[in-house]
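The values are calculated or read from the model by the stated rules, or taken from the named source; none is laboratory data. Please read all numbers here as calculations on a predicted model, not as lab measurements. In this analysis, Cβ positions are derived from the backbone assuming ideal geometry, glycine residues included, and neighbour counts consider all displayed protein chains.
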């Protein structure tokens, strides 16, 4: 029965009692009025005495993993709540809180919600809305409990074994000391100040102890920076959802970054609009994964133009992984120029033709082989942990010094 129906019933019984003088109808009208007041009061007080507690283990998850949260609803009143419903909307399609239940006096109901994350991105887990009502179903009241949170789902990563050799190790295999004109992550010690030394290299504790200016001396890391160039040009990508060149490319980029950061290499990330400068450690891995969680293949800039524009960042000692489904030859030409300048280039070519594209990648594959660029060919459905373990085209042109695990004699 709706509220309007209850009011109409009460007015009808009251009018009949007044016009007809029926004492029975007076009693009926009183009962209807009392029923309405009790139902409204029960609903109002019940909504005020419901408390909600919500906790999540982390606001970070990964594709293939689970997002877990714990929800508890308490009735702190001395009367039961015959029906309570909670719901929470979320932009994470697989995650929804919706339960209906009865709460006894001074009782608690709790749940642990475990949702598998199948899509990377940044999602909003909305407030919990509690709806309660009276035993007669006449009234209901909603209470919004402010518990909105943001969930970031990182892309999937795969573990793979390291090849026998990856370009980027400097000659000598050990740290290089000397008068290095720039700051590196490795400080070797202190020495006396020289007129050409910048002031930001002065080591003040040693200066105070010795009574003369002392500066920090740095070592050159034996491993060059690893740059990962992720192509997000919109017209290069095909497919939908998890079976798309975009998702395969992001997974490859995340896996490469994780692999080299776990080896204590300095890793940087480039896209058409975003730049993460090379750094080491778990903090850099978090930066990379948070960037890759939200990027989309919606850029208007082509890969070749981006590589050419950012070529000054890629010094002659850098190792550059180019992750792309592009079948245009322009970016291969830029890679050749970078190789001539001394950078080590490796390509991860996600073959768009296996994702529904009508354009073959055979010309690009041939150009990469001719340019002596080690290339990983990724097709739809391929196990990435096996593909990334060794380039498919590493030995076609006899790349000097590029020996793979199992190929050394």
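Remarks
- Residue among 216, 122 that alone is touching a helix residue (DSSP H, G or I) at 6+ places or on another chain (Cβ under 8 Å), outside any loop (DSSP other than H, G, I, E, B) and modelled with pLDDT under 90: 216
- Tally of residues being at pLDDT 50 or above and touching a helix residue (DSSP H, G or I) at 6+ places or on another chain (Cβ under 7 Å) across the range 378-409: 6
- Where helices (runs of 4 or more DSSP H) fall entirely within the range 277-393, those with at least 3 residues that are without any contact (Cβ under 8 Å) to a residue 60 or more places away in the chain are at 281-294, 303-309, 330-340, 362-370.
- Qualifying residue in the range 239-258 (condition: buried (at least 18 other Cβ atoms within 10 Å of the Cβ), modelled with pLDDT of 85 or more, assigned to a loop (DSSP other than H, G, I, E, B) and touching a strand residue (DSSP E or B) at 6+ places or on another chain (Cβ under 8 Å)): no
- Screening the candidates 60, 54 for the property of being farther than 23 Å from residue 141 by Cα and surrounded by 13 or more Cβ atoms within 10 Å (Cβ to Cβ) yields one hit, 60.
- Breaking point among (1) at pLDDT 90 or above; (2) over 30 Å from residue 33 (Cβ atoms); (3) surrounded by fewer than 17 Cβ atoms within 10 Å (Cβ to Cβ), for residue 111: (1)
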